[in-house]
Amino acid sequence: MTTEERQRTMLITGASAGLGESLALACARKGWRLALGARRVDRLEDVARRAREAGASVFAAPLDVTDEHSVERFFGESEAALGVADIVVNNAGLSKPGLLHESATADIRREVETNLLGALFVTRRGVAALVSSKSRGDIVFMGSDAATFPRPGQAIYSATKGALEVLCTSLSRELEGTGVRIIRMRLGPTVSEFAAEWDLSPEALEARTELFRRFGTRDARHLGTLMQGEDVAEAILFAVGRPPGVVIDTIDIYPEAPLGNAVKGLR
Ligand SMILES: NC(=O)c1ccc[n+]([C@@H]2O[C@H](COP(=O)([O-])OP(=O)(O)OC[C@H]3O[C@@H](n4cnc5c(N)ncnc54)[C@H](OP(=O)(O)O)[C@@H]3O)[C@@H](O)[C@H]2O)c1
């Protein structure tokens, strides 16, 4: 039986919206067990209800990844309900665009604590459960192309996602021989609520696009040509579905450049 065919238990942080929600629903359609955590319980319950209707066994509870006690409680309760998660997805994350020298301390802390410290707390607990139970498993990191194309105006975010890159490399070495695989996702722009609090006025979009262009990022990385959450979910399911002995280390996934930009008349 390949890993793909087995029923898996996936724990997703930040499952109340966006990519976490898309991934939860994609796994639900496979009948997997799901441990879903986020801070907004009403939104989370709605995702949990739809996942159950699609065929999943679901544990859903409040989770704040920046709080180690919340992480411990969430893992403990989800293990009591569903058993040890053999896939942990570090998905919770956020970004507030702006220049570092104009950023408030609270905003810097929030971004670093959610994107980096939270992933460390969650991964520590998830790996400990896998190693102590001698179970195979996958730890997925929802990284960003901001790590490979560090962006002006998103320095804090780029730094946190860059740190996750290094963390993935260290961990994959640290966990050699344990059966725990590290999967690094590098996503380009995807439809979600990620930019819900950003200034998306035409002027702000144009200014950001121009800034990106000046620093050599490709057209496809501009807002306006986004992937769907399902595209990312499919890529993750492919990676975690590889049989023992095979590792998908990194997935770079981003929107295709708009047709017509370089080659006219393709469709
Ligand atoms: N969308 C993109 O274009 C894109 C590109 C590259 C990488 N990513 C990465 O993909 C991941 C998911 O982002 P998204 O696009 O799906 O954004 P989103 O729609 O804003 O969803 C973010 C999720 O994170 C949760 N969250 C935030 N802070 C949390 C905390 N302290 N504890 C637990 N959950 C928390 C939110 O739930 P609550 O508010 O209910 O807690 C929400 O469910 C992030 O790591 C992001 O950096 C996204």
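Of the strands (runs of 3 or more DSSP E) lying entirely inside the stretch 33-126, those containing at least 2 residues that are within 29 Å of Pro152 (Cα to Cα) are 87-90. Ile182 meets all of the listed conditions (1) outside any strand (DSSP E or B); (2) crowded, with 20+ Cβ neighbours inside 10 Å; (3) β-branched (Val, Ile, Thr) but one, namely (1). Sort out which residues of the stretch 73-108 are open to solvent by 50 Å² or more (accessible area, probe 1.4 Å), within 14 Å of the ligand (Cβ to nearest atom) and in contact (Cβ under 8 Å) with a residue 60 or more places away in the chain, and write them in order of number. Result: Lys96, single match. If we scan the stretch 136-159, do we find a residue that is assigned to a helix (DSSP H, G or I) and either surrounded by 22 or more Cβ atoms within 10 Å (Cβ to Cβ) or β-branched (Val, Ile, Thr) (or both)? Among the residues of the stretch 136-159, at least one is assigned to a helix (DSSP H, G or I) and either surrounded by 22 or more Cβ atoms within 10 Å (Cβ to Cβ) or β-branched (Val, Ile, Thr) (or both), which makes the answer yes.
Counting the residues of the stretch 109-126 that are of a type in the set (Val, Ile, Thr) and open to solvent by 30 Å² or more (accessible area, probe 1.4 Å) gives 1. Tallying residues that are in a loop (DSSP other than H, G, I, E, B) and modelled with pLDDT of 80 or more within the stretch 202-227 yields 1. Val41: touching a Ser or Thr at 6+ places or on another chain (Cβ under 7 Å) and open to solvent by 50 Å² or more (accessible area, probe 1.4 Å), yes or no? No. The set of residues in the stretch 1-53 that are hydroxyl-bearing (Ser, Thr, Tyr) and near the ligand (Cβ under 9 Å from one of its atoms) comprises Thr13, Ser16, Ser22.
The values are calculated or read from the model by the stated rules, or taken from the named source; none is laboratory data. Every value quoted in this text rests on a predicted model; they were computed, and no experiment measured them. Please note: Cβ atoms are built from the backbone with ideal geometry, for glycine as well, and neighbour counts cover all protein chains shown. Areas reflect the complete protein model, heavy atoms only, side chains present, ligands, DNA and RNA absent. Shrake-Rupley method; radii C 1.70, N 1.55, O 1.52, S 1.80 Å.
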